[in-house]
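Asker: Questions regarding the structure given below will be posed in turn.
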Amino acid sequence: MSCSKQLTLNFPTEDITPESISDDNMSCSSHDIEEEYVFQFRGKRYECISETRDFDIMQFNTLIEWKDYNTIKNRIVNQLMWGPNIREV
């Protein structure tokens, strides 16, 4: 059995450098921060930015109240790596 479909990949012709990459969705300035969705952990401030940010901020605030620092650290690492659920502000 053979497949007749062909996959075409289009790659940019110009060189990609770290300087040429920008992610406008993750940019942050003081005027676009919604303080009600911001929490602080280990001296850094993070803003919940996903569609479920009401739930996310409630979870982070509860974990901070419970002093469950290991879970907070794991969620921050995972959400920064796999999401865009939070961003550092």
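Asker: State the number of residues belonging to the range 31-89 that are basic (Lys, Arg) and either in contact with a Leu (Cβ under 7 Å, 6 or more places away or on another chain) or exposed (fewer than 12 other Cβ atoms within 10 Å of the Cβ) (or both). Before the answer, list the steps.
Answerer: Going residue by residue through the range 31-89, those that are basic (Lys, Arg) are 42, 44-45, 53, 67, 73, 75, 87.
Now narrow it down to the ones that are either in contact with a Leu (Cβ under 7 Å, 6 or more places away or on another chain) or exposed (fewer than 12 other Cβ atoms within 10 Å of the Cβ) (or both): 42, 44, 67.
The number of residues fulfilling the criteria is 3.
Asker: Further, regarding this structure: In the range 37-52, what count of residues is obtained for those that are in contact (Cβ under 8 Å) with a residue 24 or more places away in the chain and in contact with a strand residue (DSSP E or B) (Cβ under 9 Å, 6 or more places away or on another chain)?
Answerer: Count: 9.
Asker: Please count how many residues of the range 50-89 are under 17 Å from residue 36 (Cβ atoms) and polar (S, T, N, Q).
Answerer: 6
A short reminder: the numbers here are calculations on the coordinates, not readings from a lab. Fair warning: this is a prediction, and the values are worked out from it, not measured in the lab. As a convention, Cβ positions derive from the backbone with ideal geometry for all residues, glycine included, and neighbour counts pool all protein chains shown.
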